[in-house]
1. Of the residues in segment 61-107, how many are in contact (Cβ under 8 Å) with a residue 60 or more places away in the chain and small (Gly, Ala, Ser)?
2. Can you pull out every residue in segment 40-60 that is in contact (Cβ under 8 Å) with a residue 40 or more places away in the chain and in contact with a Gly (Cβ under 7 Å, 6 or more places away or on another chain)?
3. Give the number of residues within segment 74-107 that are under 19 Å from Phe8 (Cβ atoms), crowded, with 17+ Cβ neighbours inside 10 Å and out of contact with any Pro (no Cβ under 7 Å at 6 or more places or on another chain).
4. Do you know which of the residues in segment 59-68 that are of a type outside the set (S, T, N, Q) and surrounded by 17 or more Cβ atoms within 10 Å (Cβ to Cβ) is modelled with the lowest pLDDT?
5. Output yes when any residue across segment 36-54 is more than 24 Å from Thr11 (Cα to Cα), under 19 Å from the mean Cα position of the chain (by Cα) and of a type in the set (Gly, Ala, Ser), and no when none is.
6. Would you check which residues across segment 79-95 are among the β-branched types (Val, Ile, Thr) and in contact with a helix residue (DSSP H, G or I) (Cβ under 6 Å, 6 or more places away or on another chain) and list them?
7. Which residue pairs have Cβ atoms closer than 8 Å, lie 6 or more positions apart in sequence or on different chains, and pair a first residue in segment 11-39 that is in contact (Cβ under 8 Å) with a residue 24 or more places away in the chain with a second residue that is of a type in the set (Asp, Glu)?
Amino acid sequence: MGSFIGFFIWTLVSISLAGIGVYSFKAKKAVGFWAGVEPPKVKDVKKYNHSIGILWFIYATLMELTGLPLIFIEQNSAAFVPVILCPMAITIGMMVAYYKIEKINKI
């Protein structure tokens, strides 16, 4: 039961991340990626925002898929290690992808 509760919380976080993607996709002004930092000046705001929105959707999907083992593994199992390490790798990949998007779209 504890694993299911963990998966439920994980799913809520993934849904929140997808919500950021929806907001980014529909925004009229360039969206910021980093907290507290002004968004960059971009050539095409719509293309930039769609790229950022898609990035958030991919991130949310990968996070949800990473959390699936929480349903099946026992509590205090060594199988939790990949569930903890994979989001770190996914987050680093997201940062790299953002820098590539910014480089392509920045004025």
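The values are calculated or read from the model by the stated rules, or taken from the named source; none is laboratory data. Remember, it's a predicted structure, so these values are computed and weren't measured experimentally. Cβ sites come from the backbone with ideal geometry, for glycine too, and all protein chains shown count toward neighbours.
1. Of the residues in segment 61-107, 1 are in contact (Cβ under 8 Å) with a residue 60 or more places away in the chain and small (Gly, Ala, Ser).
2. Ala60
3. The qualifying residues number 1.
4. The extreme case among them is Gly67.
5. Within segment 36-54, one or more residues are more than 24 Å from Thr11 (Cα to Cα), under 19 Å from the mean Cα position of the chain (by Cα) and of a type in the set (Gly, Ala, Ser).
6. Those that are among the β-branched types (Val, Ile, Thr) and in contact with a helix residue (DSSP H, G or I) (Cβ under 6 Å, 6 or more places away or on another chain): Val83, Ile90.
7. Pairs found: Thr11/Glu64; Ser14/Glu64; Phe33/Glu102.
A quick yes/no check of all residues on (1) of a type in the set (Ser, Thr, Tyr); (2) more than 21 Å from Ile104 (Cα to Cα); (3) in contact with a helix residue (DSSP H, G or I) (Cβ under 9 Å, 6 or more places away or on another chain); (4) at pLDDT below 95:
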| site | (1), (2), (3), (4) |
| --- | --- |
| Ser3 | yes, yes, yes, yes |
| Trp10 | no, yes, yes, yes |
| Ile15 | no, yes, yes, no |
| Val22 | no, yes, yes, no |
| Pro39 | no, no, yes, yes |
| Asn76 | no, yes, no, yes |
